[in-house]
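Structure first, commentary second.
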Amino acid sequence: MTASREQESLARVLAHEGAYSNHPADPGGATMKGVTQRVYDAYRRSKGLAPRSVKSITSQELFDIYDRQYWDAVKGDRLPAGVDYVVFDGAVNSGPKQSIIWLQRALGPLYKGRLDGVMGLGTIAAVQACNDHDALIDRICDQRLTFLQHLKTWPVFGRGWSCRVAEIRSIGQAWATGLTPLTASFVDGGQAKGFIEDAKAAPSPAPADAATGAGAGGLGISGYLYDLQNQLSPLSYTSEWIGKVVVVLAIASALLAIGGLAWRWYANRRAKRLAAALGAEAT
């Protein structure tokens with residue numbers, strides 16, 4: 001990896017990030033050129049400097065943050081052309097760990113380690129063993145888009161994110177195939193941070209437990225009433241009335257139990273799909 005591609009990649013990232021933003025739905029909060037106030041505060045503290053508004057960030061500070069916290073974090077200099085930019089941009093938008101997880105998942109069987117979001121020797125070796133970087137970029141971008149679609153903020157920022165990922169895919173694949181990539185363009189909403197902390201919640205299994213428990217309890221009561229019906233059989237009117245109650249209660253209880261089992265199946269399936277979309281290990 002040549003140093004020049006870091007500069008070219010950064011120029012395109014900055015184009016996507018735009019200038020200052022502070023959208024109330026953006027979990028990044030106050031952000032200037034892709035650097036959040038929290039990241040800037042931490043950077044200033046590490047330098048022994050007083051905190052100040054991220055609006056006042058200097059060009060040198062901006063480059064230092066991008067270089068150390070994003071480019072170096074994903075080991076951009078050790079990644080192939082195009083892949084370096086795609087992983088770098090993902091790190092800026094959703095954090096280095098999440099972007100590396102997308103890469104690890106996109107590598108498929110070439111990567112034999114855990115989905116830990118660490119650009120270790122195993123991940124680097126798997127990237128080097130990949131012969132089709134164009135297709136790899138496709139899979140990384142697919143992973144990223146699926147992840148973003150499972151965030152609660154997707155209805156607000158989905159259009160912007162979709163446009164950004166489409167451009168990243170195009171630029172990355174151009175680099176990967178030796179072509180000259182287009183410049184990036186700003187689309188409002190695409191600069192919003194997409195963090196895993198804002199993922200949609202998995203369906204709760206609690207309704208399934210409640211329904212199954214109620215169904216089992218109802219079946220138990222219907223059994224008791226059935227025994228009572230047999231004891232009261234000489235009293236035909238009472239026995240007939242209890243019999244009707246037993247039938248209704250048994251059917252309702254069975255439906256509750258079946259519904260509870262169905263909901264548990266649905267909740268487990270949704271939870272697994274959500275975990276896969278967010279880059280978690282399947283369980």
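The values are calculated or read from the model by the stated rules, or taken from the named source; none is laboratory data. These numbers come from a predicted model, not from an experiment. Counting neighbours? That spans all protein chains shown, and the Cβs are built from the backbone with ideal geometry, glycine included.
Points worth noting:
- Residues being touching a residue at least 60 places away in the same chain (Cβ under 8 Å) and of a type in the set (A, V, I, L, M, F, W, C) - total across region 12-60: 3
- Residue within region 152-166 that is outside any helix (DSSP H, G or I), closer than 27 Å to Lys200 by Cβ, at pLDDT 95 or above and not β-branched (Val, Ile, Thr) present: yes
- Only listed residue being assigned to a loop (DSSP other than H, G, I, E, B) and either crowded, with 20+ Cβ neighbours inside 10 Å or in contact with a Phe, Trp or Tyr (Cβ under 6 Å, 6 or more places away or on another chain) (or both), chosen from Val13, Val74: Val74
- One residue from Ala126, Ala135, Ala174 being among the small types (Gly, Ala, Ser), surrounded by fewer than 17 Cβ atoms within 10 Å (Cβ to Cβ) and modelled with pLDDT of 95 or more: Ala135
For (1) outside the structural domain of Gly158 (by TED's automatic domain parsing); (2) buried (at least 20 other Cβ atoms within 10 Å of the Cβ); (3) part of a helix (DSSP H, G or I), each residue gets a yes or a no:
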{"site": "Glu8", "(1), (2), (3)": "no, no, yes"}
{"site": "Pro27", "(1), (2), (3)": "no, no, no"}
{"site": "Arg38", "(1), (2), (3)": "no, no, yes"}
{"site": "Arg45", "(1), (2), (3)": "no, no, yes"}
{"site": "Gln69", "(1), (2), (3)": "no, no, yes"}
{"site": "Asp89", "(1), (2), (3)": "no, yes, yes"}
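- The single condition from (1) crowded, with 20+ Cβ neighbours inside 10 Å; (2) in a loop (DSSP other than H, G, I, E, B) that Pro80 fails is (1).
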